[in-house]
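What follows is a set of notes on a single structure, which appears directly below.
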Amino acid sequence: MSTENGKGMIQLEGVSKWFGDFQALNAVDLAVDRQEVVVVCGPSGSGKSTMIRCINRLEKHDQGRIVVDGIELSDDLRNIQEIRREVGMVFQQFNLFPHLTVLDNVTLAPRQVRRWNKAKANEKAMEHLRRVRIPEQAHKYPLQLSGGQQQRVAIARALAMEPKIMLFDEATSALDPEMIKEVLDVMEELAESGMTMIVVTHEMGFARAVARRMVFMAEGEIVEVGTPEHFFTNPREERTKQFLSQIL
Amino acid sequence: MATRIDTLEPIPAPERPPQRRLSPREWARENLFGSWLDTVLTVVFGLVVAWLVYRLGKFVFVDARWEIIERNITNLMVSRFPRDELWRVWAALLVLGPSLGFGAGSAAAARRREAEEGRAAVVPERASALRRLGPLLLLVGVLLWFAQSFQATLLTLAVGVLGVAGYLLGRRVALSGRRTALVVLLGIAAAYVVVTGFGGVGWEDWGGFMLTILLAVGGILLAFPFGVLLALGRRSSLPVVRAVCVAYIELFRGVPLIAVLFMGAFMIGFLLPAGVERPSLVTRALIALVLFTAAYVAEIVRGGLQGVPAGQVEAAQALGLSHFRITTRIVLPQALRTVIPGLVGQFISLFKDTSLVAIIGLTELLNVSRNITAQPDFIAQGLIVETLLFAAFVYWTGAYWMSRESQRLERRLGLGER
């Protein structure tokens with residue numbers, strides 16, 4: 001599978017999306033390189049989540065093109081499945097499967113989709129659980145764990161499919177303050193390991209430390225894109241300044 | 001009285017919340033005779049209950065003429081089933097006992113394994129098997145009491161011993177869930193073949209309690225998957241599938257079961273193309289029960305499906321799972337466990353509603369218990385009370401057992417934790 005222009009991993013071109021009469025995305029253009037970490041911020045309702053949910057077709061975009069690792073997203077089910085296999089996602093509400101143990105949560109997709117046998121899936125799963133530092137919880141059920149632990153399991157579950165891209169949709173917003181750090185630490189390590197990531201977050205400290213590029217969205221549009229230094233110290237747009245003054 | 005705070009002795013912090021121990025006398029005073037009104041209510045209802053218990057007890061243990069049950073116990077159990085072939089029923093029970101025991105033992109071993117890994121919601125109690133079977137053992141005891149037959153007692157004991165042996169073997173072998181289910185299903189199939197196969201008695205000639213069991217178990221096993229499919233179909237994205245399922249569900253929920261049974265008895269024959277052999281009356285009754293129950297099961301399951309958060313499906317989609325796998329691995333397991341109480345309630349209904357097949361001429365338990373009062377020895381002696389009481393007791397033990405098992409299942413699956 002060849003990529004269209006060199007090292008590009010994700011391209012969004014003129015992507016628009018409506019919910020009824022409400023336009024959630026307005027001609028969004030964004031290109032993400034291989035191994036790049038992009039942090040998306042903006043006020044609530046600005047279309048951040050909608051944008052990344054379009055990338056793995058949890059939402060269907062109405063206009064424009066989305067290309068992921070050289071595969072253009074279309075209505076073809078096989079094509080969608082192919083993209084979903086390459087894109088891992090972590091949700092605000094964890095969305096772990098409560099009726100399965102931690103280990104089964106992590107091995108389910110590799111066994112069903114990648115067709116790994118049980119031994120291989122378990123071995124890989126334990127590797128990922130060690131990576132997020134909770135191998136000892138493998139046989140528990142999700143609801144027996146704390147929020148931070150659950151979110152780390154969710155990260156391990158996404159990683160188990162060996163995706164090329166990870167999407168984080170406000171992964172720490174539902175966590176108690178003392179648990180945010182343990183999740184951010186895992187995300188930071190993941191970024192350092194060279195994973196291509198799009199992170200929707202309000203954690204500006206994390207953004208400053210990890211982001212290669214910042215994207216600021218408002219009212220369904222990308223208002224400003226830049227390096228963290230530029231973005232935090234010298235933003236161009238009025239709306240960006242206003243937003244930053246409110247949250248910093 | 002002004003006590004200065006700093007002079008008070010510090011109260012040692014209790015390690016457990018304080019508990020009041022009441023003597024029976026204190027308990028009675030507090031709960032039964034707490035006030036003037038309480039005392040009146042206690043006395044009045046106490047007298048009413050005592051009167052009822054006395055009358056019922058006197059009837060059951062003194063006045064009732066149970067010989068009508070004693071002489072007809074075989075009729076009540078199997079009705080028109082040929083007496084020469086009764087050995088097949090015992091043989092089937094001798095097959096069923098160990099295979100069901102094996103299934104229970106294997107499942108118990110799996111639960112224990114879970115508990116040892118520290119992930120069971122409820123640690124299984126030891127030696128609970130006997131208590132679980134309580135209502136059924138009571139039923140068997142009463143049946144044997146009425147049968148007053150050495151042979152039947154011996155054979156029942158043999159079934160029990162084989163069942164226990166199967167249970168112990170199951171605990172030892174501890175198969176996986178799927179294989180355990182396979183062993184149990186094979187056991188049921190083998191028992192069925194023992195009765196019907198090799199010149200045996202097809203179910204069109206079954207009767208009595210045996211027919212009741214066939215209709216109830218067959219009805220549950222068929223109505224459940226059919227109902228689940230209907231529930232899924234009602235949520236399908238294909239408009240035609242959805243419309244068909246909605247129409248089906250609304251049609252069958254809008255018609256009384258008796259009407260469905262009549263239609264089953266008289267219309268299925270017409271609907272079949274010429275030359276196709278008409279299914280037996282028992283089969284038609286079973287079809288009617290399944291069609292009816294499936295509509296209710298579908299609505300119960302739909303409630304459970306709606307309770308599964310959208311995020312569960314999204315997470316599964318994001319992992320690349322197919323629509324089929326999302327339904328079978330993620331949505332259904334969660335939906336079904338929340339609707340266990342409703343489902344079991346529906347199955348208990350079905351178990352009792354099998355008595356309605358009497359109306360199309362099948363001789364199941366209730367029908368037999370009415371018919372035997374017309375025997376020459378018993379006619380016009382008002383013995384219907386005895387026979388109905390007996391039938392009610394048999395239904396009650398079965399229904400109560402199902403209800404208790406459903407409560408256990410809920411606890412085990414940790415319902416309420418989500």
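The values are calculated or read from the model by the stated rules, or taken from the named source; none is laboratory data. Just so we're clear, the structure is a prediction, and the values are computed from it rather than from any experiment. Here the Cβ is made from the backbone with ideal geometry for all residues, glycine too, and neighbour counts use every protein chain on show. Areas reflect the complete protein model, heavy atoms only, side chains present, ligands, DNA and RNA absent. Shrake-Rupley method; radii C 1.70, N 1.55, O 1.52, S 1.80 Å.
Shape class of chain B from the Cα gyration tensor (axes a ≥ b ≥ c, square roots of the eigenvalues): oblate, since a/c reaches 1.5 or more and a/b does not exceed b/c.
What is the local net charge at B:I220, summed over the other residues whose Cβ is closer than 14 Å to its Cβ (Lys, Arg +1; Asp, Glu -1)?
Local charge sum for B:I220: -1.
Mind checking the dipole of region B:82-201: about its Cα centre, +1 per Lys or Arg Cβ, -1 per Asp or Glu Cβ, Debye to the nearest 20?
On the way: 13 positive and 6 negative charges, 76 e Å.
With Lys and Arg at +1 and Asp and Glu at -1, about 360 debye.
Look at the stretch B:309-317: the mean tally of other chain Cβ atoms within 10 Å of its residues' Cβ atoms is 6. When only alpha carbons are used to place a centre, region B:189-245 and region A:44-97 end up 42 Å from one another. Which angle between 0 and 90 degrees, to the nearest 10, do you get for helix A:238-247 versus the longest principal axis of chain A when only C-alpha atoms count? It is inclined by approximately 40 degrees. Extent of region B:208-396 along its three principal axes (Cα atoms, max minus min coordinate, largest first): 73, 43, 24 Å. Principal-axis analysis of the Cα atoms of chain A puts helix A:102-112 at an angle of about 80° to the longest axis.
When the alpha-carbon atoms of region B:82-201 are used, the pair Rg, Dmax equals 16.4, 54 angstrom. Where in region B:43-64 does the label zone of B:L32 land, with the point 7 angstrom along Cα→C-beta and an amide N cut-off under 12 Å? Answer for this model: B:43-47, B:50. Taking a point 7 Å from the Cα of A:I247 along the Cα-to-Cβ direction, the residues of region A:173-201 with backbone N closer than 20 Å to it are A:173-189, A:191, A:197-201. Region A:216-248 and region B:60-97 have Cα centres separated by 84 Å. Computed per residue of chain B from DSSP H runs no shorter than four, each worth -39500 (n - 2.57), the mean residue ellipticity at 222 nm is -23000 deg cm²/dmol.
The residue among A:G70, B:P309, B:G218 whose Cα reaches farthest toward the positive pole of the charge dipole of the protein assembly as shown, with charges on the beta-carbon of Lys, Arg, Asp and Glu, is B:G218. Lys-Lys pairs in the protein assembly as shown that are eight or more residues apart or on separate chains and whose Cα atoms lie under 19 Å of each other come to 8. Overall, the accessible surface of region B:324-418 at a probe of 1.4 angstrom is composed of carbon and sulfur to the extent of 60 percent. Only helices reaching 15 angstrom along their own axis (Cα) with mean Kyte-Doolittle hydropathy no lower than 1.0 count here, and for the DSSP H runs of chain B these are B:36-58, B:134-147, B:150-173, B:177-196, B:208-234, B:239-253, B:257-271, B:281-307.
Dividing the summed -39500 (n - 2.57) terms of all DSSP H runs of n ≥ 4 by the residue count of chain A sets its mean residue ellipticity at 222 nm at -11500 deg cm²/dmol. Of B:Y192, B:L130, B:S176, whose Cα points farthest to the positive end of the dipole of region B:82-201 (charges on the beta-carbon: +1 Lys, Arg; -1 Asp, Glu; origin at the Cα centre)? So the residue furthest toward the plus end is B:S176. In chain B the longest region clear of chymotrypsin sites (Phe, Trp or Tyr not before Pro) that are loop-assigned by DSSP and have at most 14 other C-beta atoms within 10 Å covers B:199-418. Partner shielding of B:320-327 amounts to 4, given as the average count of beta-carbon atoms from other chains within 10 Å of each residue beta-carbon. Once the Cα-Cα distance is subtracted from the 0.36 nm per residue extended length, the B:E116 to B:W87 segment shows a gain of 6.1 nm.
When the Kirkwood radius is taken over all Cα pairs of region B:19-67, what Stokes-Einstein diffusion coefficient follows at 25 °C and 0.890 mPa s, in µm²/s? Answer, rounded: 187 µm²/s.
With Cα atoms as the point set, the radius of gyration and Dmax of the protein assembly as shown evaluate to 33.1, 106 Å.
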